[in-house]
Amino acid sequence: MMEFDAGSTLSTTGAEHAQSIGEGLLRIGAQPRAEIRGGLNSYDIKRTPFGTERGFEDVAIGAKVAAFTGEGLIPSISVLGVTTIETGGQSFRATSPEPKAERALSWKFSDRLSLPRTPTTRGSRATNVVTAKWASAVHSASVSLSMSDHM
């Protein structure tokens, strides 16, 4: 199985406004309960009182493994490991790889309707999973509605 996802995000934190365009994610099934993931560079626009920055983010590689398959109101649980590769524009490029691990929850209501949710963290470029110092926690949820059968 191979799947490609894309999207866009708008966010506001205080006086900072950000937009991410592209958010490409290539997912390749490696095993029945595991996939290899490649995150393509998104184009970011970040507006602050000090000016506007534009450029591409770093690409990312990783894997996702299903740890538990839920039913009904009990969510399925997966574990994700990912790291960036310094390929982004000057304003958005990390100075070294930024590895992190996350858990993902997903409620499947039918073959075509699900609610995936991934709690994550957002840190400055100077912090990573090794230092465990994060600026803020971020939660995201999206409704996934399939319009056709999966390939």
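Where a number appears in this text, it was derived from the coordinates with a stated rule and is not lab data. Please read these numbers as outputs of a predicted model, since none were measured by experiment. Note that each Cβ is placed from the backbone with ideal geometry, even for glycine, and that neighbours are counted across all protein chains shown.
Of note:
- Percent breakdown of C-alpha pair distances by 5 Å bin, ordered from the shortest bin, for the stretch 1-54: 5, 18, 20, 15, 12, 11, 8, 6, 3, 1
- Pair Ala34, Met1: separation of 7 Å Cα→Cβ label points (nm): 1.6 nm
- Evaluated at q = 0.14, 0.27, 0.31 Å⁻¹, a Debye calculation over the C-alpha positions of the stretch 46-85 (equal weights, vacuum) places log10 I(q)/I(0) at -0.60, -0.90, -0.98.
- Mean separation of Cα contacts under 8 Å (6+ apart) over length of the stretch 34-109, as relative contact order %: 28 percent
- In sequence order, calculated HN-Hα J values of the stretch 24-40 (Karplus, 6.51, -1.76, 1.60; Hz; x Gly/Pro): x, 9, 9, 10, 10, x, 9, 8, x, 10, 9, 9, 9, 10, x, x, 7
- Here the Karplus curve 6.51 cos²θ - 1.76 cosθ + 1.60, taken at θ = phi - 60°, turns the phi angles of the stretch 57-73 into couplings of 7, 6, 7, 9, 10, x, 8, 10, 10, 6, 9, 8, 9, x, 9, x, 7 Hz, with x standing for Gly and Pro.
- Over all orientations, the stretch 1-98 has a Cα convex hull whose mean projected area works out to 8.0 square nanometres.
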